[in-house]
Amino acid sequence: KQEVTQIPAALSVPEGENLVLNCSFTDSAIYNLQWFRQDPGKGLTSLLLIQSSQREQTSGRLNASLDKSSGRSTLYIAASQPGDSATYLCAVDSGGSNYKLTFGKGTLLTVNP
Amino acid sequence: EAGVAQSPRYKIIEKRQSVAFWCNPISGHATLYWYQQILGQGPKLLIQFQNNGVVDDSQLPKDRFSAERLKGVDSTLKIQPAKLEDSAVYLCASSLPGGETQYFGPGTRLLVL
């Protein structure tokens, strides 16, 4: 059974700081890994999707890396802004035809002005 | 393009009562998912539909939860009777056939007293 762990559970940083969120998964046989953002009272928004054959994906100030063999992924946020404050969730798709996602508990990020 | 719609946004009921949630996916999205997100946890898949058919309901507590997707579009999720531990946010998501990206609705926040 796939299990996804995210560290830290919460993180508070001053504006402008670069930061890294961590995600680990127990079964390396994944199809892809996604990072989502969740704002209070809202649904999830997909930020980055990394295929199992890829090492990293970039979108603006966000960079996600994947090391499938070690079961780890990181989300790097450059020059953080107060608007980045949200919960960040990591999810793995263990393949098959169902695109079934297993989520971590998330990291609550607060960026202070 | 309209996103995934869910209603109601909030619901408070007493234990042993019944409740139903409604989801309207993005037009053309054949795959529909219902997730349960308990406070402090990541979303957990309850049921996945492909058009009218159920693809995966392995984590759906079938003694009290039921879901249907008539005509392959809208879906309803029902809980009868509700328990205290059912207090959670119920998220609906949809995706294109064979699509890896799931688009989430804002969720229905359920409180069982």
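A few remarks follow.
- Residue B:39 vs. criteria closer than 21 Å to residue A:92 by Cβ and either within 12 Å of another protein chain (Cβ to nearest Cβ) or touching a residue at least 40 places away in the same chain (Cβ under 8 Å) (or both): no
- Yes/no for residue B:35 being crowded, with 16+ Cβ neighbours inside 10 Å, over 10 Å from the mean Cα position of the chain (by Cα) and closer than 25 Å to residue A:48 by Cβ: no
- Any hit, region A:99-106, residues being more than 13 Å from the chain's Cα centre (by Cα), within 14 Å of another protein chain (Cβ to nearest Cβ) and part of a loop (DSSP other than H, G, I, E, B): yes
- So residue A:93, is it modelled with pLDDT under 95, under 25 Å from residue B:89 (Cα atoms) and either open to solvent by 40 Å² or more (accessible area, probe 1.4 Å) or charged (D, E, K, R) (or both): yes
Yes/no matrix, rows are residues, columns are (1) open to solvent by 10 Å² or more (accessible area, probe 1.4 Å); (2) at pLDDT 95 or above; (3) under 24 Å from residue B:4 (Cβ atoms); (4) among the hydroxyl-bearing types (Ser, Thr, Tyr):
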site: A:15; (1), (2), (3), (4): yes, yes, no, no
site: A:20; (1), (2), (3), (4): yes, yes, no, no
site: A:32; (1), (2), (3), (4): no, no, yes, no
site: A:43; (1), (2), (3), (4): yes, no, yes, no
site: A:76; (1), (2), (3), (4): yes, yes, no, yes
site: A:80; (1), (2), (3), (4): no, yes, no, yes
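- Residue match in region A:27-38 (condition: part of a strand (DSSP E or B) and charged (D, E, K, R)): yes
- Scanning region A:1-39 for residues that are of a type in the set (A, V, I, L, M) and in contact with an Asp or Glu (Cβ under 7 Å, 6 or more places away or on another chain) yields a single hit, A:30.
- Evaluation of residue B:17 against the conditions (1) open to solvent by 50 Å² or more (accessible area, probe 1.4 Å); (2) in contact with a strand residue (DSSP E or B) (Cβ under 9 Å, 6 or more places away or on another chain); (3) free of Cβ contacts under 8 Å to residues at least 60 places away in the same chain shows that the sole unmet condition is (3).
- Sole residue being more than 14 Å from residue B:38 (Cβ to Cβ), open to solvent by 30 Å² or more (accessible area, probe 1.4 Å), assigned to a strand (DSSP E or B) and away from chain A (no Cβ under 14 Å), chosen from B:71, B:78, B:62: B:78
- Extreme residue, farthest from the other protein chains (Cβ to nearest Cβ), among residues of region B:90-113 that are over 9 Å from the mean Cα position of the chain (by Cα) and part of a strand (DSSP E or B): B:112
- Candidates A:37, A:55, filtered to the one that is crowded, with 17+ Cβ neighbours inside 10 Å and either modelled with pLDDT of 95 or more or more than 12 Å from the chain's Cα centre (by Cα) (or both): A:37
The values are calculated or read from the model by the stated rules, or taken from the named source; none is laboratory data. Remember, it's a predicted structure, so these values are computed and weren't measured experimentally. In this analysis, Cβ positions are derived from the backbone assuming ideal geometry, glycine residues included, and neighbour counts consider all displayed protein chains. Heads up: the accessible areas ignore ligands, DNA and RNA and are worked out on the full protein's heavy atoms, side chains in. Shrake-Rupley method; radii C 1.70, N 1.55, O 1.52, S 1.80 Å.
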